[in-house]
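One structure is given here, and the rest of the page talks about it.
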Amino acid sequence: MPELPEVETIRRDLSKFILNQTIEDIAVHDKRVIRRSSVPLFIKRSKGQKIIDVQRRGKAIVMVLDRQGFLVVQPMMTGQLIYQKNGTLEAPKAAKVIFTLSNGGRLIYNDQRLFGRVYFTADLREIDYFRTIGPEPLEKGFNVPWLQKAIIKKRGPIKPLLMDQHFVAGIGNIYASEILFRSRIHPQRSAYTLRKEELQALHKATRMILKEAISSRGTSMRNYLDGQGEKGQFKNRILVYARENEICVDCKGVIKRFVQAGRSTFYCEGCQK
DNA sequence: ATTCTGTCCTGTAGGC
DNA sequence: TGCCTACAGGACAGAA
């Protein structure tokens, strides 16, 4: 589900509500979302600790605990992390883990498809995802010279590469299509053939789209809800994703869909070369 | 080494 | 109404 803009929105929301709260209780309603340890060990390591920071890396939320370690949430396709101020309300049906906090509120992890993961780790470097993930696209390490160097040996198509978390962090299926549309680059272009001007356009479009999507609090196509349980508004500004057979806003051409690396790709056949 | 396919799951939308 | 198929914001292991 959530890509960088959605996870960043959740991170900012949670920072307002759960910072400096102690985890007083943890109820696990489905043990399948707890990875890397048994449920009792997960509870033993996390319970009683205070959340002193809420960070994001790629599409993962990292809650820093005061005494030791980190509580990591990767929502994957359908995970939601929602803060409820009133802990007496009934939990939703999809609730898999419920954290009761010292301020009386609750942090609820919902996950319809159960692809997501919630776990404790003493050290983020123990986790392959964090050890091997690429640069953050909104930070300085993501720039045109880096892109020029990074694509040299990449003969595969640019769209799956943009979604490869080892290449660059946080971009998923929606934003990959939107970024390439704004860059005027065809999703099947072999990455290493992109010229400098095209990489400049790609770099600029990546940063602009992600920033605009964060400003709109993310994209709610189906499941996504922010840290307060509200929808994001970027769906209104999506130009190609899930718009097969619609007319391009720029060239009046037709938006096409095809399957690439097992995922739907959308692009305008008129503008993207 | 790089790239692609199948898999883990549940729910919903659309065609007939 | 129901039954069937396709598809869904991700990340891996294993295969090509």
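Quick note: the coordinates plus some simple rules give every number you see, no bench work behind them. The model shown is predicted, which means the values in this text are computed figures rather than measured ones. Note: ideal-geometry Cβ built from the backbone for every residue, glycine included; neighbour counts use all protein chains shown.
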- Item | Relative contact order computed over region A:1-128 (Cα-Cα under 8 Å; 6+ residues apart), in percent | 30
- Note on the structure: Rounded to the nearest 0.05, FRET efficiency between A:Asn236 and A:Ser15 (Cβ-Cβ, R0 35 Å) equals 0.85
- Item | Rounded to the nearest 20 debye, dipole of chain A from Cβ charges on Lys, Arg, Asp, Glu | 580
- Query: Which whole-Hz ³J(HN,Hα) couplings does region A:167-184 yield from phi under the Karplus relation 6.51 cos²θ - 1.76 cosθ + 1.60, θ = phi - 60°, glycine and proline marked x?
  - Reply: 7, 9, 8, x, 8, x, 5, 5, 6, 4, 5, 5, 5, 5, 4, 5, 7, 6
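Give the peptides A:165-171, A:37-43 in descending order of average Cβ contacts within 10 Å, highest first. Let's see the in-between values first.
Numbers: A:165-171: 20.9, A:37-43: 14.3.
Answer by packing, highest mean first, reads A:165-171, A:37-43.
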- Query: Say the dipole of region A:144-268 comes from +1 at the beta carbon of Lys and Arg and -1 at that of Asp and Glu; which of A:Tyr241, A:Ser220, A:Gln188 then lies farthest toward its positive end?
  - Reply: A:Gln188
- Residue separation between A:Arg113 and A:Asp53 times 0.36 nm, minus their alpha-carbon distance, gives in nm 18.8 nm
- Quick one: Karplus J couplings for region A:56-71, per residue in order, coefficients 6.51, -1.76, 1.60, θ = phi - 60°, nearest Hz, x for Gly and Pro? 10, 9, x, 9, 10, 9, 10, 9, 7, 9, 6, 8, 7, x, 9, 9
- Query: From the residues A:Phe99, A:Tyr83, A:Phe258, which one has its Cα farthest along the dipole of chain A in the positive direction, the dipole being from +1 and -1 charges on Cβ of Lys/Arg and Asp/Glu about the Cα centre?
  - Reply: A:Phe258
- Query: What are the residues whose amide H is under 5 Å from the amide H of A:Gly227, where those residues sit 5 or more places off or on another chain and H is modelled from the backbone?
  - Reply: A:Ile10, A:Asp13
- Task: Note down the relative contact order for chain A as a percent, whole number, built from C-alpha pairs under 8 angstrom at least six residues apart.
- Result: 19
- Task: Using only alpha carbon pairs under 8 Å that are at least six residues apart, calculate the relative contact order of region A:144-268 and give it in whole percent.
- Result: 22
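Computed FRET efficiency, Cβ-Cβ of A:Val144 and A:Lys93, R0 51 Å: what is it to the nearest 0.05?
Numbers: r = 47 Å, r/R0 = 0.92.
E between A:Val144 and A:Lys93, to the nearest 0.05, is 0.60.
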- Item | Loop GluC sites (Glu not before Pro), region A:54-150, which have at most 12 other Cβ atoms in a 10 Å radius of their Cβ (DSSP) | A:Glu90, A:Glu139
- Query: Sorted by mean Cβ packing within 10 Å, highest first, what order do the peptides A:141-147, A:3-9 take?
  - Reply: A:3-9, A:141-147
- Note on the structure: FRET efficiency (A:Ser38, A:Asn86; Cβ distance; R0 41 Å; to 0.05) is 0.85
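Might you report the magnitude of the Cβ-based charge dipole of region A:1-118 about its Cα centre, with Lys and Arg at +1 and Asp and Glu at -1, to the nearest 20 debye?
Values: 21 positive and 11 negative charges, 76 e Å.
Here the size comes out at about 360 debye.
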- Under Karplus coefficients 6.51, -1.76 and 1.60, residue-wise ³J(HN,Hα) of region A:24-30 in Hz, glycine/proline x: 8, 8, 9, 10, 9, 8, 8
- Note on the structure: Counting sequence-distant residues (5 or more places) and residues on other chains, those with an amide H built under 5 Å from that of A:Gly218 are A:Gln233, A:Phe234
